[in-house]
Every structure is written in structure tokens, then in C-alpha cells.
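Every number in this text was worked out from the coordinates using simple rules, so none of it is lab data. Just so we're clear, the structure is a prediction, and the values are computed from it rather than from any experiment. Positions of Cβ are backbone-derived with ideal geometry, glycine not excepted, and every protein chain shown enters the neighbour counts.
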Amino acid sequence: MNALPSPPVAAGQANVGSRPLLLLRILLPVMVLAAGIAAWELVVRLNDIKPYVLPAPSVVFQTLVSDWPVLSRSLLTTLLTTLEGFLAAAFGGIALALLFNQSKWLEYSLFPYAVILQVTPVIAIAPLLLIYLPQQVAVVACAWIVAFFPVLSNTTLGLNSVDRNLAGLFQLYGASRMQTLRYLKLPAALPYILGGVRIAGGLSLIGAVVAEIAAGSAGAGSGLAYRIAESGYRLNIPRMFAALLLLSAAGIVIYAALALTSHLVLRRWHESALGKDN
Amino acid sequence: MAEPAALSDAGAPGAGLAVSLRGVTKVYDNGVAALGPLDLDVRKGEFVSLLGPSGCGKSTALRLIAGLSAPTAGSVGVSRPAGAQGAGHSIGFVFQEPTLMPWASVRENVRLPLKLSDAPAAQAAVRVSAALTQVGLADFADAYPRELSGGMKMRVSLARALVTDPDILLMDEPFAALDEITRFRLNNDLLALWRSLRKTIIFVTHSVFESVYLSQRVIVMSARPGRIGAEFHIDAPEPRAEEFRTSAAYAGYCRQVSGALAPSYQGQSA
């Protein structure tokens, strides 16, 4: 239909103009990464910088391998917290939005508090939560607090973005509230919900990390953020970097998984998942 | 969203009538008088066009008949078949836009009215394929709306309106957004459908040529608030086809109708 050449699309979108372009888009960032690591290694070696000041990438990698038993356990802890916070945020956010959509009273009464919870920095709430809640619950609660709002507000936006004529059609055929919700509002809101969930994934990791740092207690169940803080006290800088590396890898994987899910769910019909020339 | 207007208190229209409006007015919440008072009778099986400039309340009239909004005053009577239950099942509505659910296949879109009335699946499947065949889209049942052209989307919309086998088909400028060639073809197809199904069709348009070509009766409306300005019976022989479109009789009707339309747009900055 569209005869114009497709302009380069933003990252995360499905269709990339042509094969060479796709290759370039993968190759370029990889080359930048390789060059950055090489420069880092070179600077450290040439200046003979001590590992407790700035460890070379090779040392970080060695630490990652040698400390894997400790780090992997911490990674698992953090991922579990993130997952729990994320699930609570996703389901809680969608459920709350559905409730708000059904009852304006509820929305007017509660929405301001959702906003307040969102705009208050979670790092400031975390210590209080840690006083009143068991540590594991408090950590998950922090992840939930940061992550649920995008789901809530996106889902609300989606539920309110239903095509007016389609709504009229449902009315004409005498659709019940449940039918309208199930066959019209939820599908129409799906792209928005998935957008909110995608943001929530990254935010729940941030929430988990913030809470872990605030908790700062020792023990077998300590997550990656705690490892970073602990290694800082011990001047174990390579391990700090290794833990940081794992955290950012976890973030990338979470984002990619959610983006892929979103793409797979929407690929048959939504503009965001379609190529420009379709 | 307004609740469905109660039609039962309006009283059933007289025998042989499909739709009967009596002194119907519509004033919107912002105080704009959109319609009326309007008196209109449409016989069963009749093809009537409401013709008028934008904002003359013709779409409002259609929405009132459909029960999508309630009249401020007056009564809206719509005949319903014996044993019909629920609101609006004897009415099919085709909007100006195709108004399809983009996330659902053509089949699912057409099936929607049946799904909403909890029709048995097997029976629904048969009726969906029948409706798709009627509009010539039997081969596109599994396509998604985005894969279809504008004309095909409109056909899906028409199939969806036909799938409940309604007595009355309300069409709100359904072909306005299509190119002329597609529109001519859909006009012919619609006429063929009407000839075979003999449903009551109320067709809103702002095209003089379309209204004369399609209808037995053209009702010209004047603007703000919408009222009936003039009425024309188009007594052309059936079946109408392309010859009619180029005939002297057709041109004559068009001239008459355009003449009646003129006062309603004169003095209006276009």
C-alpha cells in the first residue's frame, strides 16, 4: 500500500528496512562495546591501576567466574524479588484499573493515592517499610510500589481509548458489562497494558535493588544489590563490577523478554508490531 | 455512555410500518438543538435516504432509531418481530467508518452480534459464512481488517449488520469515505442485496446522486435543527443498474433533489 521507502524505525520495532541495515544495527553497538572494553583494559594495564581502584575487564570477568557460587545465589534472590514485585504490579495494576473503570467513585477516591505513592521516591519509603514489614515482604512491596503505577495508568488510558462507534455497536446489540469488558475494552486496551507491563519489568528490578540496598542486612538470602554494598565496604571492587554486570544483564533480559511477548501478542493486528510496508 | 433508549413506551408503529417517528426532537446537553421536531414513517421493506448537509441531524435521527441515544421529546417507534427479545436485535447498523475490531479476524468481527446474544456456535458459524457470502467476502474470513481495502472493510461491516438477519438496516454515510468506483460497485451490491432480502433500509448520505440511485424515497433535510425539507419518490423501474445512472430520468431526479437541497446550504459558509 505504501510506496514510500520505509524510514529507519526505532529500536525494538519489528521491521527493519533491509538485511544489511539489520546487520549494521547489531554490528555497530557490538563494535562500540568491544572498543570500550579494549580501551578500558589498555588504560588499566598501561597505567598499572590497582584492582581496588579500577579493575580491568579481564579481572571483572575472572571474578564473575570465581565468585559465581555467591553471585548466582544473589542473582537468584534478586530475580525472585523482581519477579514477585513484577507479578504483583502487573496483576495489581490491571485489576485496580479495571475496578476504577467500573466505578468512578472508587477511581476518584483512590487514584490520588496511587499518584502519591508513585511520586514519593521509593528509596525514602523503603526504610519505613523495612521497619513494619518482614524483610522479604518489604523488598517485594518496594518493587511493587515503583512498578504498579505505569501498569495502572496505561491500562486506564487503554480502557478509556475504546472506539466510540464500536462501543455504540456493543450497546446496540445489548452487550452486558462483562461482555463489553471482555470483548471490547480489554482487547482494545491490550497494547497499552503491554506497554505498561514493559515499563513495569524494568522498574520492578529497580525497586528490588533499592529495597535491598536500604535493607542492607547480611544473610544467605541477600541479593545482588546487597552484594554490591557489601563488596564496597570490603573494597572488593572487582566483585562490585561483576554484580553490577549481572544486574544490568538481568535488566536487559527482562526488557527483551517483555518486548518479545508484546510483539508476539500484537503481531497479527497492532500497528506497533507491523512492518511499515504491510 | 447513555443507556439504551427504551423503545417499548413509544408504542409500536402502525401496521406495515417499520419505523415511525412522531414529533421527535433532540437537544444535546450543551444546548444545541440538533433535530426536529421530526415526523417520519418508513414502510416495511422500503429503501429511504436521508439527505442533507453536514450537521443537519440525519445521523442523530439514525442513532435515535437505533436506540443509541434517547430523544429529548417525541416518540420513536420501531417494529419488532414477534418473539424478539433484547434491545435492537431487529436492527443492523452500518457506521460511516467500518468500525471493525482490529484484533479480530473478519469471521470474528462478523460473528460479534451473535456472540453478544449467546447464539449457539454451530448456528452462528453457518450464519457468519452466509453473511460473508452475501457481501462476496467468503474467501477472506480469516483475514484481519488491516489486510483489507476500504471497500472490503465496509463489506465486512455490512456483513456484520446482516448476520442477525435484522428487519431494519440503518446506514450512516457508509460509503462516504470510499473512492467513487468502489462506491458505485457497493451501491450496486447493496441494491442487489436489498432486492433479494427486502429489508427496510434507512440510508443517510450527503450525496444527491447516491440517494437518487439507491432509494425509493429521498428525504431532504434542512439544517439546525434538522427537519424534513422535501420528499421525493423515485419511481424508477427495477432492477436499477448502470443504465439508470446515465439515464435522463436519473438526471431529472438529481436536478429536482439538488434544487430542494439548495436552500439548506445557501447562506451557509461552506
Exercise. Along the Cα-to-Cβ line of residue A:163, 7 Å from the Cα, sits a label point; which residues in the range B:163-194 have backbone N less than 19 Å from it?
Worked result: B:163-164, B:170-179
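So what is the orientation-averaged projected area of the range A:55-266, using the convex hull of its C-alpha atoms, in nm²?
Details: hull surface 55.0 nm².
Answer in nm², one decimal: 13.7.
So for the range B:90-225, what are the equivalent ellipsoid semi-axes in whole Å, largest first, each being the square root of 5 times an eigenvalue of the Cα gyration tensor? Intermediate results must be reported in sequence, preceding the final value.
Numbers: eigenvalues 128, 54, 38 Å².
They are 25, 16, 14 Å, listed largest first.
Mind giving me the FRET efficiency for residue A:48 and residue A:21? R0 is 35 Å, r the Cβ-Cβ distance, nearest 0.05 is fine.
Using R0 = 35 Å, I get an efficiency of 0.25.
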Problem set entry | Förster radius 41 Å - calculated FRET efficiency between residue A:271 and residue B:198, Cβ distance, rounded to 0.05 | 0.50
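On a 19 Å Cα-Cα criterion, which of the cross-link pairs B:26/B:58; A:104/A:185; A:185/B:58; B:58/B:115 come out too long?
Numbers: B:26/B:58 11 Å; A:104/A:185 16 Å; A:185/B:58 29 Å; B:58/B:115 30 Å.
In this structure, A:185/B:58; B:58/B:115 exceed 19 Å between Cα atoms.
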Problem set entry | Total formal charge among the other residues, if their Cβ is under 14 angstrom from that of residue A:72, Lys/Arg +1 and Asp/Glu -1 | +2
Exercise. In nm, to one decimal, how far is the modelled label at residue A:80 from the one at residue A:257, with both set 7 Å along Cα→Cβ?
Worked result: 1.5 nm
For this session: Compute the long axis of helix A:122-132 from its Cα atoms, compare it with the longest principal axis of the Cα atoms of chain A, and write down the angle in degrees, 0 to 90, nearest 10.
Result: 90 degrees
Exercise. Which angle from 0 to 90°, rounded to the nearest 10, does the C-alpha axis of helix A:68-102 make with the longest principal axis of chain A?
Worked result: 20 degrees
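For a Förster distance of 25 Å, can you work out the FRET efficiency between the beta-carbons of residue B:129 and residue B:180, rounded to the nearest 0.05?
On the way: r = 31 Å, r/R0 = 1.22.
E between residue B:129 and residue B:180, to the nearest 0.05, is 0.25.
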Problem set entry | Helix-only CD estimate at 222 nm, as mean residue ellipticity for chain B, using -39500 (n - 2.57) per DSSP H run (n ≥ 4) | -10500 deg cm²/dmol
Seminar exercise, completed: Sorted by chain and number, the residues with a modelled amide H under 5 Å from that of residue B:18, at a separation of 5 or more or across chains, are B:42, B:43, B:44
Exercise. For B:108, B:242, what ranking results if the residue with the fewest other Cβ atoms within 10 Å of its Cβ goes first?
Worked result: B:242, B:108
Exercise. Separation between the residue A:249 and residue B:39 pseudo-spin-labels, each 7 Å from Cα along Cα→Cβ, expressed in nm?
Worked result: 8.4 nm
For this session: Could you tell me how many degrees, from 0 to 90 and to the nearest 10, lie between the Cα long axis of helix A:57-66 and the main elongation axis, the longest principal axis, of the Cα atoms of chain A?
Result: 80 degrees
Seminar exercise, completed: The answer for residue B:217, listing residues at least 5 apart or on another chain whose modeled amide H is closer than 5 Å to its amide H, is B:47, B:49, B:234
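What's the exposure ranking of B:194, A:40, A:144, going from fewest to most Cβ atoms within 10 Å? Don't skip to the end; give the middle numbers.
Numbers: B:194 22, A:40 16, A:144 26.
Least crowded to most crowded, the residues run A:40, B:194, A:144.
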Exercise. Using just the C-alpha positions of the protein assembly as shown as equal point scatterers, what log10 of I(q)/I(0) does the Debye formula give at each q in 0.10, 0.11 1/Å?
Worked result: -0.92, -1.03
For this session: Using the Karplus curve 6.51 cos²θ - 1.76 cosθ + 1.60 with θ = phi - 60°, work out ³J(HN,Hα) for each residue of the range B:166-171 in order, rounded to whole Hz, and write x for Gly and Pro.
Result: x, 7, 10, 10, 9, 10
For this session: Take the alpha-carbon centre of the range A:80-116, take the same for the range B:217-262, and report the distance between them in whole Å.
Result: 56 Å
For this session: Name the long-range amide H neighbours of residue B:204: under 5 Å, sequence gap of 5 or more, or other chain; modelled H, no Pro or chain starts.
Result: B:50, B:171, B:172, B:173
For this session: For peptide B:93-105, compute the average count of partner chain beta-carbon atoms within 10 Å of each residue's beta-carbon.
Result: 5
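Which order results if B:167, B:41, B:179 are arranged by neighbouring Cβ count within 10 Å, fewest first? Before the final figure, lay out the partial values.
Values: B:167 22, B:41 16, B:179 11.
Placing the least packed residue first, the sequence is B:179, B:41, B:167.
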For this session: Provide the per-residue ³J(HN,Hα) series for the range B:144-159, in order, calculated from phi with Karplus coefficients 6.51, -1.76, 1.60 and θ = phi - 60°, each as a whole number of Hz, with x at glycine and proline positions.
Result: 9, x, 5, 7, 9, 6, x, x, 5, 4, 5, 5, 4, 4, 5, 4
Exercise. For peptide A:157-163, how many partner chain Cβ atoms fall within 10 Å of a residue's Cβ, on average?
Worked result: 1
For this session: Could you let me know the centre-to-centre spacing of the range A:179-210 and the range A:245-275, using Cα atoms, in angstrom?
Result: 12 Å
